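**Q** Structure in structure tokens, see below.
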Amino acid sequence: MSIKGLKRIAIAAGLALAGLSTVASHAAAPAAPVSAATPQAAAEPGNVSNIAPTTAAATAPAAPNSPLLAVDGAPGALPTPGIGQPTNGVFGLQPQVTRNGEFAHWMHNAVLFPVITVISLFVLALLLWVVVRYRASANPTPSKTSHNTFIEVIWTLLPVVILVLIAVPSIGLLQAQFKPAPAGAVTLKAIGNQWYWTYQYPDNGGFEVTANLLKEKNEVAAGERFRTDADGPRLLAADNRIVLPVGVPIRLITTANDVIHSWAVPAFWIKLDAIPGRLNETSFTIDKPGLYFGQCSELCGARHAYMPIAVEAVSPAQFAAWVRAKGGTMPAAGTPSDKVIPQPGADGSAAKQEAGETTANATGPVENATVAAPTSPQGATNNPATGNAGQ
Ligand SMILES: [Cu+2]
């Protein structure tokens, strides 16, 4: 009705307003599917408290013998200043621990930054020279020069040559970033939720890990877990770290349950959008063991800044032990990582198998015989693998 009225005015007013009316009706059209999608979004448990239940913390072993088993609850590896996290007062890229990251870091430092610096200083010098040399007071009779073929050829060809030289390593890097993972890769599926991450390991039995932000001491109720320096920096520390093996290709798959998120870890040179209804894929290999932090890098709502990523990179043997401690399995050597990964909520997705797997976890193999296997895949925080334990 209002659009019709607007159109009537628009026709009367002329072409300019008619154009506006077209824009308005186009803008109004997509509103219907958006509101139709709302009930589905509302069905997701949305506004639950971010305070993760800590009931399991009391029963968790105080000092596990294997640091691997401490990955849940108590931190395993300690954060190293300057590695895998930002440093106050420093600009530039974080030290890179993947091949693509090292190459990109080199390209930035050895190619792009010098080229930008030289061109900027050269143009600045030319400008200053023209301003001083050709000022009006020194040139009462202006020159009538308008063309110089030689200089024009130079200033056309030189930028072309510079761009081609930059394009060669740049396109190579772009290609490497989207190279599919080889056989034997470990698949990590990162699922963005408002506002936390869930992770699945489809090649390792499909167990699921939920990672929430660790709150500060003054933000939690008495007795609840809060962030300490051992967990990592403020806003980067997560209650559950995800563990990945060093020296083994990682196939990263991202998707989301609600809105677009982005899984980004600067030290890995990885930033991959997590989009509802589709799977994005890339691969990388971590060179050095350590603790690496990242954040959601796509504005995804009110608590976008509070969905950190904490990756603990360990040796393949330690990774296998962690997987078994989580109730997962290690595939046989040489098994191609081509497992079909269902969308969240689809039949056969890990989310729907959760009930059965929890039982399996309780009786699953135990890495350290002195420590009982966790009955919940979420360890100390006891977050359910599905649903919105935190926000
Ligand atoms: Cu997000």
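The values are calculated or read from the model by the stated rules, or taken from the named source; none is laboratory data. Values in this document were obtained by computation on a predicted structure and should not be read as measured data. Don't worry about glycine lacking a Cβ; one is built from the backbone with ideal geometry, like all the others, and counts go over all protein chains shown.
**Q** Only one of these is surrounded by 11 or more Cβ atoms within 10 Å (Cβ to Cβ), of a type in the set (A, V, I, L, M, F, W, C) and outside the structural domain of Asp258 (by TED's automatic domain parsing): Val118, Val123, Val161, Val209. Name it.
**A** Val118
**Q** Which one is farthest from Gly82 (Cα to Cα), of the residues in the stretch 265-311 that are more than 16 Å from the ligand (Cβ to nearest atom) and hydrophobic (A, V, I, L, M, F, W, C)?
**A** The selected residue is Leu279.
**Q** Which of the residues spanning the stretch 211-246 are in a loop (DSSP other than H, G, I, E, B) and among the aliphatic types (A, V, I, L, M)?
**A** Leu214, Val220, Ala221, Ala222, Ala230, Leu235, Leu236, Ala237, Val246, listed by residue number.
**Q** Ok, one more. Report whether or not Thr80 is within 18 Å of Lys288 (Cα to Cα) and of a type in the set (Ser, Thr, Tyr). Let's see the steps before the verdict.
**A** Details: within 18 Å of Lys288 (Cα to Cα): yes; of a type in the set (Ser, Thr, Tyr): yes.
Yes, satisfied.
**Q** In addition: Is at least one residue of the stretch 253-264 surrounded by fewer than 23 Cβ atoms within 10 Å (Cβ to Cβ) and away from the ligand (no atom under 16 Å from the Cβ)?
**A** The answer is yes, given that some residue of the stretch 253-264 is surrounded by fewer than 23 Cβ atoms within 10 Å (Cβ to Cβ) and away from the ligand (no atom under 16 Å from the Cβ).
**Q** Looking at the stretch 183-198, can you tell me whether even one residue there is among the hydroxyl-bearing types (Ser, Thr, Tyr), crowded, with 21+ Cβ neighbours inside 10 Å and within 16 Å of the ligand (Cβ to nearest atom)?
**A** There is at least one residue in the stretch 183-198 that is among the hydroxyl-bearing types (Ser, Thr, Tyr), crowded, with 21+ Cβ neighbours inside 10 Å and within 16 Å of the ligand (Cβ to nearest atom).
**Q** Suppose the filter is away from the ligand (no atom under 16 Å from the Cβ), farther than 30 Å from Leu174 by Cα and surrounded by 24 or more Cβ atoms within 10 Å (Cβ to Cβ); does Asn240 pass it?
**A** Considered against the rule, which asks whether it is away from the ligand (no atom under 16 Å from the Cβ), farther than 30 Å from Leu174 by Cα and surrounded by 24 or more Cβ atoms within 10 Å (Cβ to Cβ), Asn240 comes out as yes.
**Q** What is the one condition in (1) closer than 22 Å to Leu235 by Cβ; (2) surrounded by 11 or more Cβ atoms within 10 Å (Cβ to Cβ) that Asn88 does not satisfy?
**A** (2)
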